[in-house]
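Quick one: the structure is below, questions incoming.
Coordinate-derived values only; no laboratory data. Remember, it's a predicted structure, so these values are computed and weren't measured experimentally. For neighbour counting, all protein chains shown are included, and Cβ atoms are generated from backbone atoms with ideal geometry for every residue, glycine included.
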Amino acid sequence: MKLADRVSALTPSTTLAITAKAKELKAAGHDVIGLGAGEPDFNTPQHIMDAAVNAMNAGQTKYTPAGGLAELKKEIISKFERDQGIAYKPGEVIVCSGAKHALYTLFQVLLNEGDEVIIPAPYWVSYPEQVKLADGVPVYVEASEENQFKLTPEQLKEAITEKTKAVIINSPSNPTGMLYTKEELEALGQICLEHDVLIVSDEIYEKLIYGTHKHVSIAELSEELKNQTIIINGVSKSHSMTGWRIGYAAGNEQIIKAMTNLASHSTSNPTSIAQYASIAAYAGSQEPVEEMRKAFEERLNIIYDKLVAIPGISCLKPQGAFYLFPNAKQAAEMTGFASVDEFVEALLEKEKVAIVPGSGFGSPDNVRLSYATSLDVIEAALERIERFVKENS
Ligand code: PLP
């Protein structure tokens, strides 16, 4: 059977590929350490799970409105008021089956064939594929390590053409952990307003911020920028709810309406029970969110110094999310590999440590390590990486 052209060009997620290989080795009896995970290692807080059970017992197991339960939208709107000081109307919010699906639906309603979306590299692996699935063209802009892997106003200006429809800002970033400052966002926002470029602001890691850094949403900077931005967020990373599949988009009513129409013909609605759980996530105490954040920060502070002490490895200190994105080019060279990809492969083969090569994120000199796993495990992994580099140099 000949499949559609649109899927033949699809590349599988690098993150999932390395996780699959690690699982394979584990199943064969090897002692594998996986640092590929893209999800918090904590359980979903108990009160959220209780809300799901209560919803089931109360018979809330039927279709919901396509764009999400009114009560959940109300909680999401309160969250935006609380955290960003932005006032959205229910018609400006759609609940989807995860932030990933919110992005997918957005690109489907936004793009015509050939429309361009500017994607700063390093980028989250799904952005380019989702843009291509909507017949759009990803336009990559290499954000330099010197500028903390962030897009500059000059780079943005240069990348804009007549076909530019949107730019993606992911702050804090997966994979780099970097955050845009208010001033940086103001400068980028101004250019987007001048050229009528929609800002897709992926804020899924908003609650995981470290040190003195602050999360700023570009949409909170002015009414004009609010209208020029679609915010993407969800409960997956903040409330350790990756499996529940609840994310959302907020912004221009016409776009949200089109997304809701499309959802009505694709998913019908996000899972009812997960929506009730998400109401509890936002209506209840946010203490568990802060506890998880603190745990990530503690880990980061311990492992960062150990990571940068490994010969041939350098790394910007992450400001948010739960990833380290070190440059491993020198380590690969020292150990006789032609590329960081090969270095990563050999590390898995020899030391049984699974990390994700940066090539999948559009940054071939780097690797991504997730610290969404226990401190013991990360420390053991770092010891193995250090041994690998030292023994093979
Ligand atoms: N955006 C970024 C940058 C992510 O890293 C992820 C998950 O890895 C998502 C969106 C998707 O989150 P969700 O689990 O809500 O679909």
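P(r) tail for the stretch 348-393, what percent of Cα pairs lie past 11 Å?
Percent of Cα pairs beyond 11 Å in the stretch 348-393: 70.
If you don't mind, there's one more thing I want to ask. With 10 angstrom as the radius, rank Lys74, Lys207 by how many other C-beta atoms surround their C-beta, starting from the fewest.
The most exposed by this proxy come first: Lys74, Lys207.
Which residues does a label at Ala9 reach in the stretch 137-175, if reach means a backbone N under 13 Å from a point 7 Å past the Cα toward the Cβ?
137-139
Here's a follow-up. What order do you get for Phe343, Phe107 when you list them from fewest to most C-beta neighbours inside 10 Å?
Least crowded to most crowded, the residues run Phe107, Phe343.
Nearest 10 degrees, 0 to 90: what angle lies between the long axis of helix 14-27 and the longest principal axis of the chain (Cα atoms)?
60 degrees
Going toward the positive end of the dipole of the stretch 62-283, with +1 on Lys and Arg Cβ and -1 on Asp and Glu Cβ, which of Tyr210, Ile246, Ala99 do you reach last?
Ile246
Using packing as a proxy for protection, rank 147-157, 51-61 so that the peptide with the highest average count of other Cβ atoms within 10 Å comes first.
147-157, 51-61
Among the lysines, which have Cα under 24 Å from the Cα of Lys73 when same-chain residues fewer than 8 positions away are ignored?
Answer for Lys73, where 24 Å is the Cα cut-off: Lys62, Lys89, Lys100, Lys207, Lys226, Lys237, Lys257, listed by chain and number.
Sticking with the crude label model, points 7 Å out along Cα→Cβ, report the distance from Gln60 to His213 in nm, one decimal please.
3.4 nm
Can you give me the C-alpha center-to-center distance between the stretch 51-85 and the stretch 164-202, rounded to a whole angstrom?
The stretch 51-85 and the stretch 164-202 have Cα centres spaced 28 Å from each other.
Now for a different question. Convex hull over the Cα atoms of the stretch 73-181, averaged projected area in nm²?
7.7 nm²
If each residue of separation counts as 0.36 nm, what is the full-extension length gain between Ser393 and Glu253 once their alpha-carbon separation is subtracted?
Computed gain between Ser393 and Glu253 is 44.6 nm.
Place the peptides 314-323, 81-90 in order of packing, highest mean first, counting for every residue the other Cβ atoms within 10 Å and averaging per peptide.
Result, highest mean first: 314-323, 81-90.
With the radius of gyration and the Kirkwood radius both derived from the Cα set of the stretch 62-283, what is their ratio Rg to Rh?
Looking at the stretch 62-283, the ratio lands at 0.94.
Long-range amide H contacts for Leu198: which residues qualify at under 5 Å (H placed 1.01 Å from N, peptide plane, sequence gap of 5 or more or a different chain)?
Placed amide hydrogens put Ala166, Val167 under 5 Å from Leu198.
So how many Å³ per residue does the convex hull of the Cα atoms of the stretch 319-377 work out to?
94 Å³
Also, I was wondering about something else. Between Rg and the Kirkwood Rh of the chain, both from Cα atoms, what is the Rg to Rh ratio?
Radius of gyration over Kirkwood radius for the chain works out to 0.96.
Right, next: As I understand it, the dipole of the stretch 62-283 uses +1 on the Cβ of Lys and Arg and -1 on the Cβ of Asp and Glu, about the Cα centre. Which of Ala258, Leu198, Tyr123 lies farthest toward its positive end?
Most positive-ward Cα: Ala258.
Return the distance in nm (one decimal) between the two label points of a simple spin-label model at Glu291 and Gln330, each offset 7 Å from Cα along Cα→Cβ.
Distance between the two pseudo-spin positions: 4.1 nm.
For the stretch 255-365, take N as its residue count and report Rg(C-alpha) divided by 2.2 N^0.38 Å.
That ratio works out to 1.57.
7 Å from Cα along Cα→Cβ at both Ile191 and Arg82: what's the point-to-point distance in nm?
Rounded to a tenth, the inter-label distance reads 3.5 nm.
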